[in-house]
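The values are calculated or read from the model by the stated rules, or taken from the named source; none is laboratory data. Being a predicted model, the structure only gives us computed values, none of them experimental. FYI the Cβ positions are ideal-geometry reconstructions off the backbone, even for glycines, and counts take in every protein chain you see. Keep in mind that these areas ignore ligands, DNA and RNA; they rest on the heavy atoms of the full protein, side chains included. Shrake-Rupley method; radii C 1.70, N 1.55, O 1.52, S 1.80 Å.
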Amino acid sequence: MARDIVRELTPLGESTSSPALLCGLRLGRALMSPQDAAEPLYRAALDAVPTDWPFEGARARLALGEWLRRHRRPAESRAALQAAREIFDALGASAWAERARQELRAAGASSPRQNPAAADRLTSTELHVAQLAAQGLTNREIGERLYVSPRTVSTHLQRMFPKLGVTSRGELGAVLGGTTTYPEGTAS
């Protein structure tokens, strides 16, 4: 049935510029391909995801990581699975993040659960500011990325510290756990 759908949509995918259709078709082909031809198709599916579509990129990374692990390449699978888990956590896609955690554990890596309480106490802007501050960015650098003033960044930090029970930027990474952002250019 899935093969029929992919077969029917392939001509449409070749004649359209719909990134959603192209991403779905490439991942579908990878999932249904023979084992000896799958890896390049998974990598092509990952490369086809637009950089501003983190969920689709994480799905492709998860599929690649699962495939690598199932083909006795656990060390290689961990990087893709870890990236997928971090993105799913950042997006709040808990069921997908849990699936990536299970795969990571099966690949021999620990993958602690995200502390949803910490992230849930923050607004989306505060969470973004906290993630960037945890990465070591200055207020000015955070402000430039979010198009706000450094003073606005400072205000967000002052409001979120009591919510999280921290007193410094150095504590943010530990409190946020798995809710780290992904570096620019790797969200594909």
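Within segment 115-162, the set of residues being at pLDDT below 85, in contact with a helix residue (DSSP H, G or I) (Cβ under 6 Å, 6 or more places away or on another chain) and open to solvent by 40 Å² or more (accessible area, probe 1.4 Å) comprises just one member, Arg121. With a requirement of 1 or more residues that are in contact with a Ser or Thr (Cβ under 6 Å, 6 or more places away or on another chain), of a type outside the set (Val, Ile, Thr) and without any contact (Cβ under 8 Å) to a residue 60 or more places away in the chain, the helices (runs of 4 or more DSSP H) lying completely within segment 22-123 that satisfy it span 35-48, 54-70, 94-106.
Yes/no per residue for (1) in contact with a Phe, Trp or Tyr (Cβ under 7 Å, 6 or more places away or on another chain); (2) closer than 18 Å to Ala106 by Cβ; (3) buried (at least 19 other Cβ atoms within 10 Å of the Cβ):
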residue: Phe55; (1), (2), (3): no, no, no
residue: Leu64; (1), (2), (3): yes, yes, yes
residue: Arg78; (1), (2), (3): no, yes, yes
residue: Arg85; (1), (2), (3): no, yes, yes
